[in-house]
Each structure stands twice: as structure tokens, then as C-alpha cells.
Amino acid sequence: MPEIRKRRLGRTGFMVTEIGLGGIPLMRVEDFDEAARLISYALDQGINYIDTARAYGDSEEKIGLVMKDRRDEVFLATKTNAYDYDTAWQYLETSLKNLQTDHLDLWQMHDISTEQRWEEIWSAQGAMKAAHEAREQGLVRYFGVSGHNDALLLRAVECGEFDVILGVYNLGIHSLGEQVIPAAQQHDIGVAVMKPLSGGLFFRRKETFIDPMKAWYFVLQNTGISVALVGFQNQRDIDQAIQASATFTPLSEDEIEQLVAKARFLGDDVCRDCGYCKEECPAGIDIPKIMHMFDEARVFSYEWPRFRRLYAELEIKGDACQDCGKCEEKCPFDLKIRERLKWVHDRFNQPI
Ligand code: SF4
Ligand code: SF4
């Protein structure tokens, strides 16, 4: 296997592999031993950055199975989605226990995408108070923040409190490269990026297919990025990412322009399959699956008969929605999930 190139993670000074393991898809690997094998395989190939979150179901526990023996090999990052002091402390203790470690390399404030959340973490009884105490006690080495709001990520860079920021960067969504990444370089802040392959969106359909290597090269070409996190659900995903690092070839400006135009055709307003919404739904609706139908149905209207068949097979359909809105609070891309569920139900809940 080729060696993965390393980059400096800003002022932490840590040399991280430019490909890191993201924890979300581990939720979908049902068998714990299988998940542990996959994580071990990534480490065997040299990957030395693991990122997860308290919000990612049982992914911390799965990673913990490997960390109990191989903690020294990685830069270990998780996140808290509790923003008040007391709950953030509880979450930190749970994360450490789940990950089977006595310290985190990076503790991130998860999805700080609204002013209200930013205010909350910095309030007198906010999560950042817990973060400072945890660092004094040696439980956390560095602070990070993740989010989908460039202005707040820029603020996080400039405030000087955070060592690493985490945002979205791929062919379809790359505004992070305009101000935030250059500012992070200037302040020597590490930059981790998520969704480099847009959750597989680029490869979902042959009509809109983008070569995965090209999608990777676009991300790797930005030297201000320290590490690109990709969720691995199988060995093939890991091998593909490593191959991209090994074969990296800069894209020409023309090529970038064409690829970006193609990705734009897919639109910003599409489900990225992150799965945050699904965890929340009291009705048990497989929201991402229905969101995919919505996205594809808008582009491929000639396929509506197929969508009707697929929709008929769903045990729980969109009309089970209780209108609680929890899914929309969680969706990092602000998708109007309830409207979309209704749109799909109205069109596809028809006799086949
Ligand atoms: S609004 Fe509907 S789809 Fe969304 S979480 Fe609530 S019940 Fe589920
Ligand atoms: S609807 Fe939003 S939260 Fe749910 S999987 Fe898609 S992008 Fe993620």
C-alpha cells in the first residue's frame, strides 16, 4: 500500500495524514467486531487521524474497541453537542469512557452554526468553561469547533481560542476556501474538512457521475487543508482514499471549472446523507432515503415510476411525520425536510 502524505495540523504541530477517518458511517456498520476491523485496517494503512462525535450513535464505542490497544497511533478527536457547562462535562466523561482513553487530542464544539449556539458555548455556564477546565486537568489537549456557517468559522479562527476548525469542502461546496482557510493559515490554525466526496452524491447516478479521484484531487489540491475526513463503511472506501493521496495530480484551472460546474448541477440544496436527522425522528421515518428520492426525482422525472415502486416498499412513509421539526433542527444543510416528505408522498404514494 502506498504511504499517505502528512500535513501539519496548524499550531498543534501534529503531523496528520491528509486523509482522516470520519465516524458517521460507523453507525451504519452494525456489527461491532466488523467496525473494529475496519478501523484497525485504516490504522494499518497509516491513517493517524480519527474524528467522531457524541452525536454519532455508537461510533465512539466502536472506535474505543481499537483505541484500548492503539491509542498512541492516532490524533483522536470527538465533539460535544451539549453546549452548557454541566452537560458538556457529562458528555466529555462519556466520550472518554466510550473511547477507552484518558484524554482527547481534540475536543470540538459540534455544529456551531448559529449565533445563539456561539453565545451559548461562551456564556458564563457554557461548554467552553468545561473545555478550559478539562484542558487544565489534562483530559483534552486542543479545542476545536465544527460548523456549516463560514462567518462563525471565521470568527472561531480569529478569536484565538480554537486550535482546529472543521467545515465542509468539496467540489459542490467550497466557499470555505475563500476566507476561512486563508485566515486559518494566517493564524496557524489546523483545518479539517468534512464531506470531501459530498457523501457519495457525486457518484450516485451515472448521468451526473464525477470521477472519485478527481473529487479527491480537488480537495487535496488546497494546501490550506490539514486533513480531509471521510467516512469509511468498507475497506474499498479506505483503499480509494489512500490511492487518491498516492496518485494526487493537480487539476488544471479548466478542469476545476468543468468539475465545479458539473457539481453545481447537483445543487447545494441536496441531502448529503449525514444521517443526523434519522436519529431524531420519533416516527422512525428513513428520512435520508426519502430525501434521495426527492433530489433525484427533481432531476430525473422520467424515473417517477421507479420512485413509486421504491416508495411503495417503504414500511414507514412520509405521512407518518408528526411535524415535530426535530429533523430540521439537526439538518446541517437546512433542508426543508417536512415539505420534501410531503412532496414525495403526494407524488409517489400512488398505485403502481
Ligand atoms: S418532523 Fe416528521 S420527519 Fe422530522 S423528526 Fe419529526 S416526525 Fe420525523
Ligand atoms: S436530510 Fe439533512 S440531516 Fe438528514 S441525512 Fe440529509 S443532509 Fe443529513
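Bear in mind that the values in this text are calculations on the coordinates, not laboratory data. Note that this is a predicted model, so its numbers are computed, not measured. Heads up, the Cβs are rebuilt from the backbone with ideal geometry, glycines too, and the neighbour counts pull from every protein chain shown.
The packing ranking of peptides 152-159, 313-320, highest mean first, is 152-159, 313-320, where packing means the average number of other beta carbon atoms within 10 angstrom of each residue. Measuring r between the beta carbons of Arg5 and Glu136 and using R0 = 25 Å, the FRET efficiency lands at 0.10. Averaging Cα coordinates gives a centre for region 181-215 and one for region 136-172; these two points are 17 Å apart. Projecting the Cα atoms of Ala184, Phe203, Gly22 onto the dipole axis of region 6-266, where Lys and Arg carry +1 and Asp and Glu carry -1 at the beta carbon, places Phe203 farthest toward the positive end. Of all the options Val164, Val227, Val74, the one that moves most in a Gaussian network model of the chain with Cα springs shorter than 10 angstrom is Val74.
With respect to the cross-link table entries Lys195/Lys317; Lys97/Lys214; Lys262/Lys330; Lys6/Lys129; Lys129/Lys336, which display a Cα-Cα separation exceeding 30 Å? Flagged as over cut-off: Lys97/Lys214; Lys6/Lys129; Lys129/Lys336. The distance between label points at Ala151 and Asp44 comes to 4.9 nm (points 7 Å beyond Cα on the Cα→Cβ vector). Taking label points 7 Å from Cα along the Cα-to-Cβ direction, Asp31 and Lys262 give a separation of 3.6 nm. Taking every Cα-Cα distance in region 45-159 and sorting them into 10 Å bins from zero, the calculated P(r) comes out as 14, 47, 30, 8, 0 percent. With neighbour counts taken as other beta-carbon atoms within 10 Å, the residues Ser123, Ser59 rank, fewest first, as Ser123, Ser59.
Our compactness index for the chain, the C-alpha radius of gyration over the empirical 2.2 N^0.38 Å, is 0.98. A straight chain from Lys68 to Leu251 at 0.36 nm per residue would run longer than the Cα-Cα distance by 61.8 nm.
For Ala228, the amide hydrogen comes within under 5 Å of the amide hydrogens of Ile19, Gly20, Val193, counting only partners 5 or more places away or on other chains and with H modelled in the peptide plane. In this structure, the amide hydrogen of Leu335, modeled 1.01 Å from its nitrogen in the peptide plane, lies closer than 5 angstrom to no residue at least 5 positions away or on a different chain.
Full extension of the segment from Gln233 to Asp286, taken as 0.36 nm per residue of separation minus the current Cα-Cα distance, would add 17.2 nm.
The label-point distance for Glu119 and Arg308, in a model that sets each label 7 Å from Cα toward Cβ, rounds to 5.0 nm. Packing order of peptides 36-48, 11-23, highest average first: 11-23, 36-48 (average count of other Cβ atoms within 10 Å over each peptide's residues). Along region 72-81 the Karplus relation, 6.51 cos²θ - 1.76 cosθ + 1.60 evaluated at θ = phi - 60°, assigns HN-Hα couplings of 5, 8, 10, 8, 10, 10, 9, 9, 10, 10 Hz to successive residues, with x for each Gly and Pro.
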